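Beneath this line is the structure, given in structure tokens, with notes to follow.
The values are calculated or read from the model by the stated rules, or taken from the named source; none is laboratory data. As the structure is a prediction and not an experimental result, all values here were calculated from the model. With ideal geometry, Cβ positions are generated from the backbone for all residues, glycine too; neighbour counts draw on all protein chains shown. Please note that ligands, DNA and RNA were not included when accessible areas were found on the heavy atoms of the full protein model with its side chains. Shrake-Rupley method; radii C 1.70, N 1.55, O 1.52, S 1.80 Å.
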Amino acid sequence: MLDTKTLETLYETHCKSGFTYAYGTAGFRYKADVLDTVMFTTGVLAGLRSIYLEGRTVGVMITASHNPPEDNGVKIVDPKGEMLEQSWESYATDLANSATQSFTAFLAYLQNLVSELGLDTDALGSLAVARDSRESGPRLLHALLNGSRVLPNIRITDYGLLTTPQLHFLTSKRNELPNDTAIDRFFYYKEFLSAWDDITALCGIQSLPYKLEIDAANGIGAPRVKEMLSTHKFFDGVFRVVNDDWETPASLNHLCGADYVKTNQRLPYGIQANNDCQRICCSFDGDADRIVFYFCDSEGQFRLLDGDKMATLFAKFFQDILSSANLQERLSLGVVQTAYANGSSTHYIERVLGIPVTCTPTGVKHLHHEAINYDIGVYFEANGHGTVVFSKKFDEVVNSGLSNKHQSDSSLQSLEVLSKFANLINQTVGDAISDMMGVLAVLSILKWTPQKWNQEYTDLPNKLVKVLVPDRTVFKTTNAERQLLSPLGLQPKINALVAEYHQARSFVRASGTEDAVRVYAEASTREEADSLASRVSQVVE
Ligand code: NG1
Ligand code: ZN
């Protein structure tokens, strides 16, 4: 039974009226000062989710990723480390919006939900909670914890400051491993570093072929990646973390980080332009679930290696290694992208490598769900958010291959590398640290320089524009967001413009994280891409 008196007192402490929330592409994300109500209700809902799942641990992450420092947000992580199931997103939204009406409306919605789902509010539940480095984090955490305390038997593990993917990973391990296993961020480091050691030992890699410069966006990724790499001899003296001032909240994502580098196609503050071909650089976003790489070529020109380039690198690597393990017929390999993937990357994967590509709507949960249909599913958004997932069949086939005494030495070695690679990748969600290790391992194994990686294909010039419109909800799309259904008559106008350019593509969709419409255009030259983007923006306005 809910203790309505306590509930009302806590409601009065944390909830305000007059705001409408929506669970978007990455949970609830707004200016931090309007988030107290939704933090409180999300605490309640996450507890209910755990009770619904018979006490399995559910994760809650407080972050606003690459957004400015004054924003914050919250998202719920399901027990396998994946994003919250879709039907519960609307419960989360409706519960929050009932709380912005009145206590009576909130209580009525909550009681109705509890009875509709047949939940016992006194049952046992478990939550794993963490936050990024934002100043508003402690206050919002307090509201969230008070929400979950409305349910008397929810056990809460507060992990403090973590990267988003660390929380996803620890949530999944909490549900997978025996209760007495110490599952904390040091467990995370141990898992990934031991996979790294196995792979480098198998492949005879004794040192990193380049110096590594990491721009940590002045976010929580800075202390976490330092904590991980500085304990390990392999990385001694070969890496440097810049933009590591995570304790100054205002500097978060300011002139640095993956989003800044990808959007502006330029070096972040703190990384110098030079043509040192022995150097590779990368940028994390504010909660370290995205990464982009880059280098400066022999002319000192900035060259971006984004999510599309990572997808193609992993796709090529796994194709080669599946073939040397003689598994290309038994295990399927596919790549999942969104409409923002550069047309050249899709062409390269499908036509040059001959690997199937699927396109899904924006948001990693869509990509993830599609990727699990392959035995090795590589998925990345162009902005650097993505990972690789491996099927149960993958584990079975690789393990049975490893126990087969008649394998040639080279097949055996490939099987071992495949098996260890599945441990180097954070399969629950895109992870800047794990993706970074994965890319460095692939480049070291293939003996590729960043230049060689970049030369595999050349991006089509492209442009992404944000257009402010009175009501973005009228922009409805189909065909993985590549065509507009409404406003009526707009898509034919876009088609007519696209037809005027070479190798051109353009699409329009409403953002799920900002109050704006995004226009993407690509074409054979920079001038054409810019001109197409600007003309499509004009017809949208
Ligand atoms: P929206 O605002 O829905 O375009 C943005 C990114 C997504 C994804 C989410 C979540 C682009 C064009 N869009 O979504 O890829 O990362 O944020 O953070 O980069
Ligand atoms: Zn992020």
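Worth a mention:
- Loop-located GluC sites (Glu not before Pro) in the stretch 176-253 whose Cβ has at most 11 other Cβ within 10 Å (DSSP): GLU247
- For the stretch 56-71, Karplus couplings with θ = phi - 60° (6.51, -1.76, 1.60), whole Hz, Gly/Pro x: 5, 6, 10, x, 9, 10, 9, 6, 10, 6, 8, 5, x, x, 7, 8
- Local charge for SER126 was computed over the other residues whose Cβ lies under 14 Å away, with Lys and Arg +1 and Asp and Glu -1, and equals +2.
- Expressed as a whole percent, the accessible surface of the stretch 405-531 that belongs to carbon and sulfur atoms is 52, based on a 1.4 Å probe.
- Distance from the C-alpha centroid of the stretch 275-298 to that of the stretch 428-485: 14 Å, rounded to the whole angstrom.
- 20 °C / 1.002 mPa s Stokes-Einstein diffusion coefficient of the stretch 462-540, Kirkwood radius on C-alpha pairs, µm²/s: 173
- Of all DSSP beta bridges in the chain, antiparallel share, percent nearest 5: 55
- Given a 1.4 Å probe and the protein chains as shown, ASP515 ends up with an accessible area of around 110 Å².
- Remark on LYS211: its backbone amide H falls under 5 Å from those of ARG279, ILE280, a criterion applied only to residues 5 or more positions apart or on other chains, H modelled at 1.01 Å from N.
- ³J(HN,Hα) computed for each position of the stretch 292-300 - Karplus, 6.51 cos²θ - 1.76 cosθ + 1.60, integer Hz, glycine/proline x: 10, 9, 6, 8, 10, 7, 4, 8, x
- The stretch 412-459: trypsin sites (Lys or Arg not before Pro) falling in loop per DSSP and having at most 11 other Cβ within 10 Å: LYS447
- Each residue of the stretch 4-177 gets 96 Å³ once the volume of the Cα convex hull is shared out per residue.
- Amide H contacts of LEU127 (H built 1.01 Å from N, in plane; Pro and chain starts excluded): VAL58, ARG155, ILE156, THR157 sit under 5 Å, all sequence-distant by 5 or more or on other chains.
- Solvent exposure, largest accessible area first (probe 1.4 Å, DNA, RNA and ligands not counted), of ASP320, ASP409: ASP409, ASP320
- Take ASP94: with every protein chain present and a 1.4 Å probe, its accessible area is about 70 Å².
- In this structure SER444 has an accessible area near 10 Å², from a 1.4 Å probe over the protein heavy atoms.
- Amide hydrogen neighbours beyond the local backbone of THR358, cut-off 5 Å, H modeled: VAL335, VAL336, GLN337
- Net charge of the neighbourhood of PRO223, taken over other residues with C-beta under 12 Å away and scored Lys/Arg +1, Asp/Glu -1, is -2.
- For the chain, the solvent-accessible area of protein heavy atoms averages 40 Å² per residue (probe radius 1.4 Å; ligands and nucleic acids excluded).
- A simple count of charges around LEU113, restricted to other residues whose Cβ falls under 15 Å of its Cβ and scoring Lys, Arg +1 and Asp, Glu -1, yields -4.
- If you model the chain as an ellipsoid using its alpha carbon gyration tensor, with each semi-axis the square root of five times an eigenvalue, the axes come out at 37, 30, 23 Å, biggest first.
- Spatial offset of the stretch 328-358 relative to the stretch 1-59 amounts to 40 Å, using the alpha carbon center of each.
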